[in-house]
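Peer 1: One structure, pasted below without further comment.
The values are calculated or read from the model by the stated rules, or taken from the named source; none is laboratory data. Quick caveat, the model's predicted, so the values are computed rather than measured. Neighbour counts are summed over all protein chains in view; Cβ atoms, including those assigned to glycine, are modelled from backbone coordinates with ideal geometry. In case anyone asks, the SASA skips ligands and DNA or RNA and just uses the protein heavy atoms, side chains included. Shrake-Rupley method; radii C 1.70, N 1.55, O 1.52, S 1.80 Å.
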Amino acid sequence: MAIFKKSIICFLISFIFYINTFAYNIFIDPGHGGTDRGAVRGSLIESQIALTISNLVAKKLSAQKEIIIFQSRTEDSTLQLKERVDLSDKISPDLFISFHINSSHDERAKGLELYFPADKKVDFNLKKGVDAKSNLSVLIMQDYLNNLKLHKSKFAAENILTERQTEGVFTIQKRKILQAPFYVLSRSKVPSLLIELGFLTNKKEAQLLISQNYQEQLAQEISQGIINYIHSIK
Ligand SMILES: [Zn+2]
């Protein structure tokens, strides 16, 4: 009986090791939600469209056996920005990705915009229990981890952009990779992206963003870009 128990424990340890080694965790954050509806244009609501497309991306990525998906919200609920980042940091995913819908005073503005972090604000809490002599090495490590986060975030954005350029059926969108100090990007401890999926203020693009075909296509291209990214980093 003791040998049997030991075998079970060994199996469980091996299984957990297997899951941690080969699984990729992706954290999906549909922007806004609940009392915060984001941009609103007539009956079109940013928080709802972002949630629909986020759920599609989550579904497509979940179909990959090596990917585990976490979401800040799966329904129309209210969440503070800090709660989103805290949830993600607890899991420490391979990528944090927040989805939003853009708006502009210029009704002609259109297309996908991919943002990665603009600064190195993250405190990785490396100073806990460290004496003054080791302070320099802590600073060097802190800088290294921040650079790694920025590098991987940009690389993830490039993978998604490349996928969209080569495979995209809908070619009317302008495509951009930008840096911005958005809260969720600056505070996240892991590689992070914020994607503005298109402009609610552009009539043509707003109609595309609520069309099921376009949502599917967009989710497919973004998912493939994320898959390409995670396969490149491990
Ligand atoms: Zn937004």
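Peer 1: I'd like to verify a number: residues in region 202-214 that are under 27 Å from P181 (Cα atoms) and open to solvent by 10 Å² or more (accessible area, probe 1.4 Å), how many?
Peer 2: Of the residues in region 202-214, 1 are under 27 Å from P181 (Cα atoms) and open to solvent by 10 Å² or more (accessible area, probe 1.4 Å).
Peer 1: I'd like to verify a number: residues in region 176-201 that are surrounded by 15 or more Cβ atoms within 10 Å (Cβ to Cβ) and outside any helix (DSSP H, G or I), how many?
Peer 2: Final tally of qualifying residues: 17.
Peer 1: What is the one condition in (1) without any contact (Cβ under 8 Å) to a residue 60 or more places away in the chain; (2) open to solvent by less than 70 Å² (accessible area, probe 1.4 Å); (3) within 25 Å of N228 (Cβ to Cβ) that I91 does not satisfy?
Peer 2: With respect to (1) without any contact (Cβ under 8 Å) to a residue 60 or more places away in the chain; (2) open to solvent by less than 70 Å² (accessible area, probe 1.4 Å); (3) within 25 Å of N228 (Cβ to Cβ), I91 is out only on (1).
Peer 1: Next question, about the same structure. Which members of region 107-119 meet the condition of being open to solvent by 40 Å² or more (accessible area, probe 1.4 Å), farther than 15 Å from F155 by Cα and in contact with a Ser or Thr (Cβ under 8 Å, 6 or more places away or on another chain)?
Peer 2: Passing the criteria: only E107.
Peer 1: Can you spot a residue in region 119-133 that is touching a Phe, Trp or Tyr at 6+ places or on another chain (Cβ under 9 Å) and away from the ligand (no atom under 16 Å from the Cβ)?
Peer 2: no
Peer 1: Next question, about the same structure. Among the residues of region 32-55, are any on the phi > 0 side of the Ramachandran plot, within 13 Å of the ligand (Cβ to nearest atom) and out of contact with any His (no Cβ under 9 Å at 6 or more places or on another chain)?
Peer 2: Yes, region 32-55 contains a residue that is on the phi > 0 side of the Ramachandran plot, within 13 Å of the ligand (Cβ to nearest atom) and out of contact with any His (no Cβ under 9 Å at 6 or more places or on another chain).
Peer 1: Which numbered condition in (1) modelled with pLDDT under 90; (2) more than 16 Å from the ligand (Cβ to nearest atom) is the only one that L178 fails?
Peer 2: With respect to (1) modelled with pLDDT under 90; (2) more than 16 Å from the ligand (Cβ to nearest atom), L178 is out only on (2).
Peer 1: Which pairs have Cβ atoms under 6 Å, sit 6 or more apart or on different chains, and link a residue in region 28-39 that is without any contact (Cβ under 8 Å) to a residue 40 or more places away in the chain to one that is near the ligand (Cβ under 9 Å from one of its atoms) and outside any loop (DSSP other than H, G, I, E, B)?
Peer 2: R37/S47
Peer 1: Also: S77 versus (1) polar (S, T, N, Q); (2) open to solvent by 70 Å² or more (accessible area, probe 1.4 Å); (3) over 17 Å from the mean Cα position of the chain (by Cα); (4) modelled with pLDDT of 95 or more: which is the lone unmet condition?
Peer 2: (2)
Peer 1: In this structure, does I28 turn out to be within 16 Å of the ligand (Cβ to nearest atom) and either over 15 Å from the mean Cα position of the chain (by Cα) or open to solvent by 70 Å² or more (accessible area, probe 1.4 Å) (or both)?
Peer 2: no
Peer 1: Run down F99, F70, F116 and say which single residue is among the hydrophobic types (A, V, I, L, M, F, W, C), part of a strand (DSSP E or B), within 16 Å of the ligand (Cβ to nearest atom) and at pLDDT 90 or above.
Peer 2: One residue alone meets the criteria, F99.
Peer 1: Restricting to region 73-96, and then to whatever is out of contact with any strand residue (DSSP E or B) (no Cβ under 7 Å at 6 or more places or on another chain) and assigned to a loop (DSSP other than H, G, I, E, B), can you tell me which residue is farthest from the ligand (Cβ to nearest atom)?
Peer 2: Selected residue: S92.
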